[in-house]
Amino acid sequence: MSRQRSDNPSGAAPDGPADPHATMLDVEVVAQRWSSPDSGFAVLMALTDDGEEVILTGTIDHLHVGELAQAHGAWRRHAKHGWRFEVERVASTGIASDAALLDLLAAVRHVGPTGAAWLLERHGEGVLDAVDEDPRGRLREVPGIGPARIGATVRSWERLRGRRALRLFLGEHGVPAAAAGRIERAFGPEAVELLREDPYSAIDVEGVGFATADALARALGTPADAPGRLDAGILHVLTLAEVDGHCLLPRAELIRQADALLGGGAGERLDGLIASGRVVADGELIAHPVIDAIERRLARRVRELATDGPQFKLDGVERPTAGDFIPSPAQWRVVDAVLSSRLSILTGGPGTGKTATVRALVELLRKSRRTVRLCAPTGKAARRLGEATGANATTIHRLLGWLPEEGGFEHGPDDPLPSTDVLVIDEASMLSLFLADAVLGAVGPRTHVLLVGDVDQLPPVGPGRVLDDIIASGVVPTVRLEEIFRQAARSLIVRAAHAVNRGERPSVDAGPDDIRDFFLIGRESPQAMFDEVVSLASGRLADHYDLDPGADVLVLSPMRKGPLGVDALNDALRARRNALGTAVPGTTLRLGDRVIQTRNDHERELMNGEMGVITHLDPARDEVLFAADDGRRITLDLDELGTIRPAYAITVHKAQGSQAPAVVVPVFSGHRHMLTRNLLYTAMTRAERVCVVVAQASALDGAVARRDAVRRWTRLERLVADPSG
């Protein structure tokens, strides 16, 4: 719960700083303006040694009024709040006054201001040491703390003591304040001994990384050539490779990256890691043992399914020659593949009839009284699949029965999915190694599987390129639809997407019967591009096509940062669409904001990429209402909003598996290392009614010329094709 302790909640510095270039301040904390216990972020008023009143911001909510501290950071001038010193790391240097002791003691559960005053009067300036020596005895003496309360009071004291000890320990050893807050939330306040023994354990904390853990280790005296340091660096490089989509790295590349991180010595340690089993060598390829095992297991499973005979037959099945939908010979080959093999693949670009083929397959199976289940990696993709086929579709996580407490699935090899003749997995290009292993591992002995996806879209978020590798293995029956059907061929979006996929600049030339749903607007300066994108997305497209500008118009940018990144576009679009929205305390969000969830919340089934609107704030309960696009209404605590971000604009990667009536795509040279053919193709094919690309000519030409930004190192193709591999 957020708390206010000042009549000036804005936190604005009254005047400019005496030295705006200062990077270190010795201060005494005099007031806490605002804090968020969940994130540790706080706004504090402090006095410097020279008596200057300053505002401190950062992950510093552990500092109490009256505490002395040395803060390192930089001055920033906020457009609304004025000059503030943004703290990067901080170390407490003592308690300045009785007021500080009272403030600290009052934070202990059941002690409060009255009990704090009683303790200070009884034990004086040595009160903290006195309580530390015998917490139960000293706190039991406080009036009002009886047998029923003493347990909770002691636990509260121990948490407070441990938290301060951890923050002091980390601050003294140069750990940035934000990283210190993350370490505290991950390991708890009793983490000092763990970090002393193994400072590299902090690498496992999201948002901390090797550099911070290494700085802590070096401050604690770990030498540069210590085996533990070299091992941690090598393993960290493999972890970063996994984040980039690789399942493993060539030995030479792993050593090169590790030496760059460590300053040398990785080559001498790698053989030792291999010998101990902490990494696995496959010739010159090096993998983490877990990734190695999953990739091999998935390959065996794919081959087992693809080479197994059919488990059921349908009598009298022939390709329809009349009716509302007459499948082409290529589309009917999909039906033959599903009936003759336990694993098959349907792929193809927009307008080639993938959805119509799946719908025909589902109708055929239902008429034959066969059970069919449909799923997709995301909730958005599952909803689209259900709407297109008229059948129930769900996320893979819901299908498998995610168990949050156990971090795994209910269904797997030992408890496969029951009563399923055919399982259709849509948007299979989004399957990472982990998700593919989980879903195929849960397929029962009599179930046939159809993977449906467009291999020309972006690769999955996560390690592997599963669909591409399985197709390339040549083992799994695959149907690639290439004919663009007449109705779809009228769409300029469809034609433009296929042109981009061929490495050609998309055309806006339209014939008399064509659907003018794709537009290419050339703008050369970043500001002109920005203004055009904001103008289109904030009203022009919605007005012209009679759309809801909030729910129906989406901007897709390759990157979060930069002058045409998601963050800058969101700020501008919110200023146009929701300027008067009430601020949600402790966050950057406002009521009425269009938002997106950025992590999987399995407990609420609010998954990464789900979008909606913040519709209600209950300040008494510190809760908001998230109105999801699928019609659900989900109550979230304010301290659970750290994974919710504005979504007037989102990255192209976040848009995978979803669509919007209108899509605006900036193609900017500043994003050049992200601009690829498949990224632009993916962005354009998210549009249902209209797509507008606002581009610099050179950036557009560069995008269509590059197929992939980075090769992914995987072995699935080889392992499926060669069972002895």
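The values are calculated or read from the model by the stated rules, or taken from the named source; none is laboratory data. The structure displayed is predicted, hence computed values, not measured ones. Cβ: placed from backbone, ideal geometry, glycine included. Neighbour counts: every protein chain shown. Each accessible area value is taken on the protein alone, full model and side chains, heavy atoms only, with ligands, DNA and RNA left out. Shrake-Rupley method; radii C 1.70, N 1.55, O 1.52, S 1.80 Å.
Counting only residues that are surrounded by 17 or more Cβ atoms within 10 Å (Cβ to Cβ) and outside any loop (DSSP other than H, G, I, E, B), which one in segment 602-620 is farthest from the chain's Cα centre (by Cα)? For segment 602-620, the residue satisfying everything is 617.
Scanning segment 111-142 for residues that are surrounded by fewer than 18 Cβ atoms within 10 Å (Cβ to Cβ) and not in a helix (DSSP H, G or I) yields 134, 141. Restricting attention to segment 561-601, the residues being part of a loop (DSSP other than H, G, I, E, B) and acidic (Asp, Glu) number 1. Being open to solvent by 20 Å² or more (accessible area, probe 1.4 Å) and not assigned by the TED database to the domain that holds residue 679, is that true of even one residue in segment 442-451? Within segment 442-451 (the criterion being open to solvent by 20 Å² or more (accessible area, probe 1.4 Å) and not assigned by the TED database to the domain that holds residue 679), the answer is yes, since at least one residue qualifies. For segment 213-224, check the following and say yes or no: at least one residue is touching a helix residue (DSSP H, G or I) at 6+ places or on another chain (Cβ under 8 Å), free of Cβ contacts under 8 Å to residues at least 60 places away in the same chain, open to solvent by 50 Å² or more (accessible area, probe 1.4 Å) and among the acidic types (Asp, Glu). There is no residue in segment 213-224 that is touching a helix residue (DSSP H, G or I) at 6+ places or on another chain (Cβ under 8 Å), free of Cβ contacts under 8 Å to residues at least 60 places away in the same chain, open to solvent by 50 Å² or more (accessible area, probe 1.4 Å) and among the acidic types (Asp, Glu).
Consider segment 90-103 and keep the residues that are modelled with pLDDT of 75 or more and under 40 Å from the mean Cα position of the chain (by Cα). The one that is surrounded by the fewest Cβ atoms within 10 Å (Cβ to Cβ) is 91. Filter segment 62-80 for residues that are of a type outside the set (Gly, Ala, Ser) and open to solvent by 10 Å² or more (accessible area, probe 1.4 Å) and give the result. Answer for segment 62-80, where residues must be of a type outside the set (Gly, Ala, Ser) and open to solvent by 10 Å² or more (accessible area, probe 1.4 Å): 62, 64, 65, 68, 70, 72, 75, 76, 77, 78, 80. Looking at 302, 243, 237, 290, just one residue is of a type outside the set (Ser, Thr, Tyr), in contact with a helix residue (DSSP H, G or I) (Cβ under 6 Å, 6 or more places away or on another chain) and either open to solvent by 40 Å² or more (accessible area, probe 1.4 Å) or assigned by the TED database to the domain that holds residue 473 (or both), and that residue is 302.
Return a yes/no flag: does segment 371-383 have any residue that is assigned to a helix (DSSP H, G or I), in contact (Cβ under 8 Å) with a residue 40 or more places away in the chain, of a type in the set (D, E, K, R) and buried (at least 21 other Cβ atoms within 10 Å of the Cβ). Yes, segment 371-383 has at least one match. For first residues located in segment 650-671 and over 20 Å from residue 526 (Cβ atoms) and assigned by the TED database to the domain that holds residue 630, partners that are part of a helix (DSSP H, G or I) and basic (Lys, Arg) and lie 6+ apart or on another chain with Cβ distances below 6 Å form the pairs 657/380; 658/380. Which of the residues belonging to segment 511-533 are more than 15 Å from residue 693 (Cβ to Cβ) and surrounded by 14 or more Cβ atoms within 10 Å (Cβ to Cβ)? Matches in segment 511-533: 514, 515, 526, 531. One residue stands out among those in segment 467-491 that are assigned to a helix (DSSP H, G or I) and over 30 Å from the mean Cα position of the chain (by Cα): the one that is farthest from residue 519 (Cα to Cα), which is 473. So residue 582 ticks every box in (1) crowded, with 17+ Cβ neighbours inside 10 Å; (2) under 25 Å from residue 641 (Cα atoms); (3) modelled with pLDDT under 95 but one. Which box is left unticked? Tallying (1) crowded, with 17+ Cβ neighbours inside 10 Å; (2) under 25 Å from residue 641 (Cα atoms); (3) modelled with pLDDT under 95, residue 582 fails exactly one: (1).
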